[in-house]
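Each reported figure results from applying straightforward, stated rules to the coordinates on display, with no laboratory input. Fair warning: this is a prediction, and the values are worked out from it, not measured in the lab. Here the Cβ is made from the backbone with ideal geometry for all residues, glycine too, and neighbour counts use every protein chain on show.
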């Protein structure tokens, strides 16, 4: 009965309703990137207006990262109980309202609280959109579409940087949070009316009126409606969701995925946090150092899309491992490029390879687990990975403060990329090629 919902068949064509869902998930990923980095672009103006020092601002940045980890671990799993669409709606509301209210912050405590709350929505949104995209695409191109959806994140990061540069000098940092918050809130009607729930969720979780709701979506996808719901084992259905990640079938793969994401997140957030300073230390002007961050994200978009394409052709594990191995080689040999004219190209290639491989791990998580606890698996993997993202900038700051050379920092943080590459290549799951 569910054969066509589970097999990867290149002959299954994507329909209009699926394209709408992919487009909306991509848009939410763009807004994720915007809502994450809006505080970074506003940081200089906030520091001046509220008289905050760099260390104090660090708590604001960390609050957002902690909120994202909590959202991915503890909120995203509710999508496996109540549906992907409901959690995307809730995440959009949390993100939009908290970012909007950030514009009213008058002290450091209010800023930290609002960034923590917005992080909850952002972390939940990333995990849930990846899951829904994976389940709404029923042919063997799903890895490409999951990666494409997540590629909206660097698009949002780049776009919000240009917008911030245009409006903050004239209208103040508060205007940027108002714009970002209202834009996110305005997507709620779009999600409600045009985003399709996963038919697999209805058929396997079987909430009220599941058959009718599933058939309504399946008809739009050009499938024949089902006569009845599949039988579900009560024992498996009642087992705690998180514990299933450590069942005999998934335990080793879960630990491998968590470790790979931990190392990839650590490498990524080291670069994101320190690229402007490291770029100036490498001999670039302040203006070019700012562009280094933008170029890194532009490279990320192309890397993510191409990684998704090649993953659908030659397999996830081989493609991601290659991208992360390329990251290791670029970072380990960074000393060769310091002071040369091709330094910005190196930042582009780092964004291309690191974020291409990093986002591919989202597709691995989405493919690894079954529908019944897919969002739980994706959310916990992202949450565990974010621990690396929280620790790496702190370690990087410590290494920089003790006077470690630029090339030595890059060499040290190239090692996590190598670990992530090896872990992905040797991942034990038979569900992933």
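When the chain is treated as a GNM with alpha-carbon contacts under 10 Å, the residue of 219, 22, 108 showing the greatest mean-square fluctuation is 219. Protection proxy ranking for 63-74, 378-389, 393-404, 251-262, using the average of other Cβ atoms within 10 Å per residue and placing the highest first: 378-389, 63-74, 251-262, 393-404. For the pair residue 425 and residue 313, what calculated FRET efficiency results from E = 1/(1 + (r/R0)^6), where r is the Cβ-Cβ distance and R0 = 22 Å, to the nearest 0.05? Plugging the Cβ-Cβ distance into 1/(1 + (r/R0)^6) gives 0.85. The value obtained for region 240-427, namely the Cα convex hull volume divided by the number of residues, is 105 Å³ per residue. Protection proxy ranking, highest mean first, for peptides 418-425, 224-231: 418-425, 224-231, where packing is the per-residue count of other beta-carbon atoms within 10 Å, averaged. Modelled spin-label separation between residue 251 and residue 404, with each label point placed 7 Å from Cα along the Cα-to-Cβ direction: 3.5 nm. In the chain, the longest principal axis of the Cα atoms and the axis of helix 316-332 are about 10 degrees apart.
Here the contact order of region 68-163, divided by its residue count and restricted to Cα pairs under 8 Å and six or more residues apart, works out to 34 percent.
With respect to the chain, whose longest principal axis is taken over its alpha-carbon atoms, helix 406-425 is tilted by about 10°. Helix 356-368 and the longest principal axis of the C-alpha atoms of the chain enclose an angle of approximately 20°. Relative contact order for region 240-427: 42 percent, from Cα pairs under 8 Å spaced at least 6 residues apart, divided by residue count.
Quick one: if the Förster radius is 60 Å, what FRET efficiency do residue 106 and residue 227 give, using the C-beta to C-beta distance and rounding to 0.05? About 0.50, to the nearest 0.05. Protection proxy ranking of 198-204, 118-124, by the mean of other Cβ atoms within 10 Å over each peptide's residues and highest first, is 118-124, 198-204.
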